[in-house]
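Working notes for the structure below.
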Amino acid sequence: MGNIKWIFVLYSVLAAVSLMGIAISISLASPLLAAGCIIALTIIMGFGFTTKKRYREEGRL
């Protein structure tokens, strides 16, 4: 199977929380909160893909 890469677990949990934040902001009709959650999701996903690329180049995946 393989070792668990905890940094990726953290990124996925943070992304899921951002998605929940988007849903909550829609239910509250808060466009500012929705925009903040979308920006946070974009940043988190970017860090995740960058980390994955770095791990792959280092042969750690």
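Tabulated results
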| item | result |
| --- | --- |
| Scan of region 38-60 for residues that are small (Gly, Ala, Ser) and either modelled with pLDDT under 95 or open to solvent by 90 Å² or more (accessible area, probe 1.4 Å) (or both), ordered by number | 59 |
| Filter result for the condition that a residue is on the phi > 0 side of the Ramachandran plot and either surrounded by 10 or more Cβ atoms within 10 Å (Cβ to Cβ) or assigned to a loop (DSSP other than H, G, I, E, B) (or both), over 29, 35 | 29 |
| Of all residues making up region 19-61, the number that are of a type in the set (S, T, N, Q) and in contact (Cβ under 8 Å) with a residue 12 or more places away in the chain | 2 |
| Single unsatisfied condition, residue 24 versus (1) open to solvent by 80 Å² or more (accessible area, probe 1.4 Å); (2) at pLDDT below 95 | (2) |
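The values are calculated or read from the model by the stated rules, or taken from the named source; none is laboratory data. Model, not experiment: these values are computed from the prediction. Using ideal geometry, Cβ is built from the backbone for each residue, glycine included, and neighbour counts are taken over all protein chains shown. All accessible areas refer to the heavy atoms of the entire protein, side chains included, with ligands and DNA or RNA removed. Shrake-Rupley method; radii C 1.70, N 1.55, O 1.52, S 1.80 Å.
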